[in-house]
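So the structure is just underneath, and the comments pick up after that.
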Amino acid sequence: MLLLLLAVLVPSVCLLWFINQAVQNERLAVHQKLVDAYRINLALVHDQLEPYWRQGAAALDAEADHLLPPALFARQVRAGLADAVICLDPAGNVAYPGPNPTPKPEAPGAPWTEAEYLESRNPAEAATAYARLLEQATSPDLAARALQAQARCLVRAGKKDEAISLLTGPLEKEELQHATDAQGRLVVPSAELMALELLKDSAPDQARATLERLKKRLLDYDDLALAAPQRRFLMHEVQRLFPEQTLSPMLAAEDLAARCLEAGPVRAGEPALRPTALPGVWQLASPRGRVVALHQTEALVARMRGGISAQLLPADVSVTFLPPGKEFERFFLSQPAGASLPGWRLALSLNDQRLFESAADQRIAAYVWIGLLVVAVVIVLAALALRLVRRQMALTQLRNDLVANVTHELKTPLASMRLLVDTLLNSEPLHEQTAREYLQLIAQENLRLSRLIDNFLTFSRMERNKYAFGFKEVPAADIVEGAITAVRERFNVPGCEFKTQLAPDLPAVVVDADAMVTALVNLLDNAYKYSGEEKQITLSASADNGTVFFAVKDNGIGLSPRDTKRIFKRFYQVDQRLSRTGGGCGLGLSIVKFIVTAHHGTVRVESQPGRGSTFTISLPGAAARPDQEQRLNITTDIMPREGTRPTDL
Amino acid sequence: MTARKILIVEDDAALLRGLKDNFQAQGYQVRTANDGEKGREAFFRDPPDLVLLDLMLPKVNGYEICRQARSRRLNTPILMLSAKCQEDDVVRGLELGADDYVTKPFGIRELLARAKHLSQPAPRP
């Protein structure tokens, strides 16, 4: 049993393991196929990305040839080609943004010092002093400076309106537009900022006009006079005063470039995307080293995405650009992004993971089904084998029982006879009545022994298919009579009521009379054996439509439906213990079946457990028999057999 | 001295009759039972001086009766009577507590002698 279980389990487990392996392999194979297919797409992306950056870098140099640094800065940023740009002069110094303007330390003379001295003591007088200086001004720079200082002093003196009229009037004159202060900064934009601060709350309309002028000036990158640091400062101030005003993307670009320059020197002349000292900011230098474009990671990825054409990729996948250090293993497929993007990777992911699943699942399902089928077949085969083994074991058990039974059945009458004979021989003269009783008992035991031996011999011949029947036409009543004669003596005891019912005009049957009597006696023996203390046994014979019926009815223990199916099998006994009462080896009914089948008849049983059974043999009448007067050797097909043959008895 | 009591449990009517007559002739007080259930009942209700026990009995077999008797601490001598003559069968019977084992068919004089030996009270020192 354990062996059989192992025989099922081991192959099943092995098979499941194999299938598991196969499924994994299949997944890998499908994965590999998809990887191979999409690797080409990724390679195309790579091939397109590489020249995109190379050409982009070369274009920077070309622009540097015909654009001034501020204009180049503005063009790159406005066109969205970079987040900021640092322009270098041929010597490698920063040309934009920066540097700080060179101060112009023009010695203004004593009156200027006096006016500056007054400024903190008496702003009104200082204003007058500056007004005088304006009249004496020898250059636009000095005139503008005097005007700016006068306005500053007027504000301090509380004369806002006068200051505003100065700032928006005389300072807007054409000749003062490029005037600078002592630090080299343009005076006019600073004056405009001051005017904005004064006008912002009192005269919004006037403020708006001034703001537009200032914005125009700040965003005009063709004007070389405005230095980058002042531009950036003014932009921040405007943004502070008017948060709703947008100066992007230029303000952000100026900030980025400035921060980048503060963080450290730029590396020029290396046309590859490199990280800068600022985290999240990348630089791409032009080949000739005139320009360094700055990119923030997010914008950079967006630019790369824009740089590759959409037709390169099938609709069901998407490409991600991974900066160095980003994990790429979770992606379906990845490869280095190219020489222009050192450390970057191109990663491809499936938009719909089910695409991969469904491709793999179809094949896997086939494997699983095959596996299940094989397991099922193994189980079915094992079940069949188990059944066969069980039947074989049951048969072997029955045969072993038979040997024990035969021993018992043969020895019991022998023991009785020996005991009785010994008693008759050895005892003092017995009472004649007792002696007679002993002799009757001996005769009975003798008869029982003969019957047993007859049955064993029949069975033995039956097993070897050697039983030859001598068919003759015999009146049915004769058969019944023969059976009655055989059992009369035994059934004629207290507690046994034996009746016979013979229908009139019974037809003749073509039978082997001895065999048929044996069949009936076996049925009667069974009826006797399996009935209780008060036995009622009826043997009847009737005819219907040319068929003759012999029926044996008893009031015994009856049969369960399960037993009914089995009782005609060899060795089968309903109740092994009960059978001991009357002896027997479980051969009787199989012999009956054999004999009746050989006569082209049938035997059937109707039974209720606890109420009794009726066994009925039906035989075709002499007129209906096809092989009248034939002597016939029984061949294999008549005798139903199962399992192996027991050894001959 | 009162007559020795013997219980014969045997399902074969002819054998039972012969045994009963012989033991009665020897002066035993004989009781009989023709199946295991009746035999066990008679045995346990009034233990005799000797039990003659067939093995293959209807309802309850002889081994079972022997086992139950010994587990009830009944020391009555038991003589087993059986057609089973394999060594295993004999050993099994003796191991279950039988005092002797006779296989069928047997000589009546031998059986009577063994029965007499078994039913005699143990000699007092």
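Read the figures in this text as sums done on the coordinates, not as results from a lab. Keep in mind that what you see is a predicted model, and the values were worked out from it rather than measured. A quick note on method: Cβ atoms are made from the backbone with ideal geometry, for glycine too, and the neighbour counts reach across all protein chains shown.
Please list B:31-38, A:385-392, A:541-548 highest first by mean number of surrounding beta-carbon atoms within 10 Å per residue.
The packing order, highest mean first, is B:31-38, A:541-548, A:385-392.
Can you work out the Karplus-derived ³J(HN,Hα) for every residue in region A:496-504? Use 6.51 cos²θ - 1.76 cosθ + 1.60 with θ = phi - 60°, whole Hz, and x for glycine or proline.
Once rounded to whole Hz, the list reads 10, 10, 10, 10, 10, 10, 10, 6, x.
Mind scanning A:LYS593/B:LYS38; A:LYS529/B:LYS116; A:LYS593/B:LYS104; A:LYS33/A:LYS326; A:LYS499/B:LYS104 and naming the pairs with a C-alpha gap bigger than 31 Å?
From the list (A:LYS593/B:LYS38; A:LYS529/B:LYS116; A:LYS593/B:LYS104; A:LYS33/A:LYS326; A:LYS499/B:LYS104), the Cα-Cα distance tops 31 Å for A:LYS593/B:LYS38; A:LYS529/B:LYS116; A:LYS593/B:LYS104; A:LYS499/B:LYS104.
For region A:599-615 and region A:44-99, what is the separation of their C-alpha centers, rounded to whole Å?
Their Cα centres are 111 Å away from one another.
Would you work out if region A:110-226 is rounded, prolate or oblate? Take a ≥ b ≥ c from the square roots of the eigenvalues of the alpha-carbon gyration tensor; rounded if a/c is under 1.5, else prolate when a/b is larger than b/c, oblate otherwise.
Values: a/c = 2.30, a/b = 1.27, b/c = 1.81.
Oblate is the answer for region A:110-226, as a/c is 1.5 or above yet b/c matches or exceeds a/b.
Give me the dipole magnitude in Debye, nearest 20, for chain A about the Cα centre, with unit charges on the beta carbon: positive for Lys and Arg, negative for Asp and Glu.
Once rounded to the nearest 20, the dipole reads 1960 debye.
Tally the DSSP beta bridges in the protein assembly as shown and give the antiparallel ones as a percent, rounded to 5. Mind showing how you got there, number by number?
On the way: 53 of 77 bridges.
Bridges in the protein assembly as shown are about 70 percent antiparallel.
For the protein assembly as shown, what does the helix formula give at 222 nm: sum of -39500 (n - 2.57) over DSSP H segments with n ≥ 4, over the residue count, nearest 500 deg cm²/dmol?
-18000 deg cm²/dmol
Got a sec? How would A:VAL552, A:VAL596, A:VAL94 order by Cβ neighbour count within 10 Å, fewest to most?
So the ranking, lowest neighbour count to highest, is A:VAL94, A:VAL596, A:VAL552.
How many lysine pairs does region A:110-226 hold where the Cα atoms are under 21 Å apart and the two sit 8 or more places apart or on different chains?
7
For region A:216-271 and region A:316-343, write down the distance between their C-alpha centroids in whole Å.
For region A:216-271 versus region A:316-343, the Cα centre distance is 33 Å.
With a ≥ b ≥ c taken as the square roots of the eigenvalues of the C-alpha gyration tensor of chain B, please select rounded if a/c is under 1.5 and otherwise prolate if a/b is larger than b/c or oblate if it is not?
rounded
Per residue of B:84-92, what is the mean number of Cβ atoms on other protein chains within 10 angstrom of that residue's Cβ?
Partner-chain Cβ atoms within 10 Å, mean over residues of B:84-92: 1.
What angle do you read, to the nearest 10 degrees and between 0 and 90, between the alpha-carbon axis of helix A:432-464 and the longest principal axis of chain A?
50 degrees
Using only the alpha-carbon atoms, how far is helix A:297-307 inclined from the longest principal axis of chain A? Give it as 0 to 90 degrees, nearest 10.
So the helix axis and the longest Cα principal axis differ by about 80 degrees.
Kindly provide the GluC sites (Glu not before Pro) of region A:454-538 that DSSP labels as loop, not H, G, I, E or B, and whose Cβ sees at most 12 other Cβ atoms within 10 Å.
Here the sparse-neighbourhood loop sites are A:GLU533, A:GLU534.
Please sort B:58-65, B:9-16 by packing, taking for each peptide the average over its residues of neighbouring beta carbons within 10 angstrom, highest first. Before the final figure, lay out each step's value.
Numbers: B:58-65: 20.1, B:9-16: 22.8.
So the order, starting with the most tightly packed, is B:9-16, B:58-65.
On C-alpha positions alone, give me the angle between the axis of helix A:250-263 and the longest principal axis of chain A, in degrees, nearest 10.
90 degrees
Could you work out the mean count of beta carbons from other protein chains within 10 Å of each residue's beta carbon in A:486-497?
Per-residue shielding by partner chains comes out at 0.
From Cα pairs below 8 angstrom and at least 6 apart in sequence, can you work out the relative contact order of chain A, rounded to a whole percent? The partial results should precede the final answer.
Values: 908 pairs, mean separation 73.6, N = 649.
The normalised contact order for chain A reaches 11 percent.
How many partner chain Cβ atoms sit within 10 Å of a residue's Cβ in peptide A:402-412, on average, as a whole number?
What the average comes to for A:402-412 is 4.
Going by a ≥ b ≥ c, the root eigenvalues of the Cα gyration tensor, does region A:323-417 fall in the rounded group (a/c under 1.5), the prolate group (a/b larger than b/c) or the oblate group? Intermediate values should be presented prior to the final figure.
Working: a/c = 11.07, a/b = 5.64, b/c = 1.96.
Judged from the Cα gyration tensor, region A:323-417 comes out prolate (a/c at least 1.5, a/b above b/c).
Return the loop-located trypsin sites (Lys or Arg not before Pro) in region A:309-346 (DSSP other than H, G, I, E, B) with at most 15 other Cβ atoms within 10 Å of their own Cβ; answer none if there are none.
Sparse-neighbourhood loop trypsin sites (Lys or Arg not before Pro): A:LYS326, A:ARG330.
Would you kindly derive the ³J(HN,Hα) couplings of region A:113-124 from the backbone phi angles with the Karplus curve 6.51 cos²θ - 1.76 cosθ + 1.60 (θ = phi - 60°), listing them in order in whole Hz, with x for Gly and Pro?
Going residue by residue, I get 4, 5, 4, 5, 5, 5, 3, 7, 8, 9, x, 5 Hz, with x marking Gly and Pro.
Tell me which GluC sites (Glu not before Pro) from region A:209-275 have a DSSP coil assignment and no more than 16 other beta carbons within 10 Å of their own.
Details: sites: A:GLU212, A:GLU237, A:GLU244, A:GLU254, A:GLU262; in loops: A:GLU244.
Here the sparse-neighbourhood loop sites are A:GLU244.
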